[in-house]
Amino acid sequence: MDDSVEISKCIDNLRTKLEKYTKTSLKEAVTRIIFIDPMLKALGWDIGDPDKVDIEHATVDGKSVDYALKTNNKVVLLIEAKPLDDPLTDVKAITQVVGYSANEGVDWCVLTNGNTYRVYKTTEKASAPEKLLFEVSLDPKVAPGVHVGQIAEQLRRISRKAMEDGVLDQLGEEVFTGEKVRKALDKLFTDPPGNLVGIVRGAAGVDSIKPSQVRDALKRLWREWQQYPTKRISAPLSQVVKPEQKSASPVNEVGYAVEHHTESKPREVIEMYRRIDDFSMTRDPEKVARRVTKQYIGYSHNNHYFCTLLLQRGGLLVWLKLKYARLENPPTFARDVSHIGHWGVGDVELAIRSVENLGSALPLIQQSYDENK
């Protein structure tokens, strides 16, 4: 049986147990038996084989971690379990499991309460919470409309086969490298080094341009490039449809920064947002504007929305001003919300859970832009 199918079946089974045991204060040991052990089995980890899974793994610090998952006799993933009702927000607990993994020379670790799985890359140079690559929850209430298959694909990244194939390593490199490059560019253009100034001056082919002029121009252009996507719209836009509400008056919210939405989100979610942001803003840099409200981030062309989105811990929800019935071969993560209350503007909702989904999502954003500009 395909492992994604097996994982999906396990998720369905555990969801019924979530309804039964939520708010019953399950202890950690029981949470492991009822929720975590079955999931690990579905992911291809034989918890009965100490060569594959070391239970209560002793660390070099003299402590222990609940699970140490192995491939080729090497620990590749540490998992720390918590009780079902634990919110997984305690910084001390996060720092502890990330620290255990880093000291063991293990690149990856997971903090889970059997419902939510948070995956951290321990080798990144950042605070422990900022090492969070992605998060996935089994609870359908956390992300309404998200297909079980999407959740299975996210969890599949920590399956035994995926760890053997280096899937998590590739994803981590892609997401965290993008962040590093952005920071490097900011450093280079904020204080341009002499070799960069020389390269630009040589490429310009004009000897009369002084190095100081090139340096000043680089700083100025970098500031302009950073600022143009943040311009706000002074006039009210399309109506905002709020949850469980189909009639809403025009609004014009100001004072919210992008950080209001990106703060504490996993790195993959932020990377997905940035790619959509770059894509949307570059449709027409002079006429497309980003508008940040308390509930969502919207993109408009000449005051007409074509894309709005909401950052969640498990992914993005994107709304497009399209008619679902007119879409050709819509992806499985798209649905018609014309008769469902939702934040944002548009009748088509995309539940984007991974960077892989962007390949199918961006053409739909382009279609919405073309039809609404």
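The values are calculated or read from the model by the stated rules, or taken from the named source; none is laboratory data. No experiment lies behind these values; they were computed from the predicted model shown. A quick note on method: Cβ atoms are made from the backbone with ideal geometry, for glycine too, and the neighbour counts reach across all protein chains shown. To get the accessible areas, we keep the full protein, side chains included, count just its heavy atoms, and leave off ligands, DNA and RNA. Shrake-Rupley method; radii C 1.70, N 1.55, O 1.52, S 1.80 Å.
Obtain the nm distance between the two label points defined at ALA126 and LYS20 by a simple spin-label model: each point lies 7 Å from its Cα along the Cα-to-C-beta direction.
It works out to 3.8 nm between the two label points.
So which trypsin sites (Lys or Arg not before Pro) in segment 103-175 pass both tests, a DSSP loop state and at most 13 other Cβ atoms within 10 Å of the Cβ?
On the way: sites: ARG118, LYS121, LYS125, LYS131, LYS141, ARG156, ARG157, ARG160, LYS161; in loops: LYS125, LYS141, ARG157.
Listed in order of number, the matching sites are LYS125, LYS141.
I'd like the FRET efficiency for ASP207 and ASN72, computed as 1/(1 + (r/R0)^6) with the beta carbon distance as r and R0 of 51 Å, rounded to 0.05. Mind dumping the intermediate values first?
Numbers: r = 59 Å, r/R0 = 1.16.
So, using R0 = 51 Å, E works out to roughly 0.30.
Using θ = phi - 60° and the Karplus curve 6.51 cos²θ - 1.76 cosθ + 1.60, what whole-Hz ³J(HN,Hα) does each residue of segment 141-156 get, with Gly and Pro shown as x?
Working through the residues one at a time gives 6, 5, 9, x, x, 7, 5, 4, x, 5, 5, 4, 5, 5, 5, 4 Hz.
R0 = 45 Å: FRET efficiency of ASP51 with ASN195, Cβ-based, nearest 0.05? Before the final figure, lay out the partial values.
Working: r = 52 Å, r/R0 = 1.15.
The pair ASP51/ASN195 has a calculated efficiency of 0.30.
With θ taken as phi - 60° and the coefficients 6.51, -1.76 and 1.60, list the Karplus ³J(HN,Hα) couplings across segment 190-202 in order, rounded to whole Hz; mark glycine and proline as x.
Whole-Hz 3J(HN,Hα) from phi for segment 190-202: 6, 9, x, x, x, 5, 5, 4, x, 5, 5, 5, x.
Each residue of segment 91-97 in turn: what ³J(HN,Hα) in whole Hz from Karplus with 6.51, -1.76, 1.60 and θ = phi - 60°, glycine and Pro shown as x?
The phi angles translate into 4, 4, 5, 5, 4, 5, 5 Hz.
What whole-number volume per residue, in cubic angstrom, does the convex hull of the C-alpha atoms of segment 1-125 give? Could you put the intermediate results ahead of the total?
Details: hull volume 14.1 nm³, N = 125.
In segment 1-125, the Cα convex hull volume per residue is 113 Å³.
Taking Rg/Rh (Cα atoms, Kirkwood Rh) straight from the coordinates, which label in (i) 1.13; (ii) 1.02; (iii) 0.97 is the correct one?
The value matching this structure is (ii).
Which value in deg cm²/dmol, rounded to the nearest 500, describes the helix-derived mean residue ellipticity at 222 nm for the chain, given -39,500 (n - 2.57) per DSSP H run of n ≥ 4 and division by the residue count? Before the final figure, lay out each step's value.
On the way: 12 runs with 144 residues, N = 373.
The helix contribution divided over the chain gives -12000 deg cm²/dmol.
Multiply the residue separation of ARG275 and GLU371 by 0.36 nm, subtract the distance between their alpha-carbon atoms, and state the gained length in nm to one decimal.
Details: separation 96, 0.36 × 96 = 34.56 nm, distance 2.10 nm.
Difference between extended and current length: 32.5 nm.
Computed FRET efficiency, Cβ-Cβ of LYS9 and SER264, R0 22 Å: what is it to the nearest 0.05? Please list the in-between numbers first.
On the way: r = 32 Å, r/R0 = 1.46.
About 0.10, to the nearest 0.05.
Over 10 Å intervals from 0, what percent of Cα-Cα pairs in segment 116-201 sits in each interval?
Histogram of Cα-Cα distances, whole percents per bin: 14, 33, 27, 15, 10, 2.
Gain in length, THR89 to ASN103, computed as 0.36 nm per residue apart minus the alpha-carbon separation, to one decimal in nm?
Full extension from THR89 to ASN103 adds 2.9 nm.
Take the solvent-accessible surface of the protein heavy atoms, probe 1.4 Å, and return the percent of it on the chain that carbon and sulfur atoms account for. Write down the numbers at each step before the final one.
On the way: 9190 of 18190 Å².
Taking all protein chains in place, the chain shows 51 percent carbon and sulfur surface.
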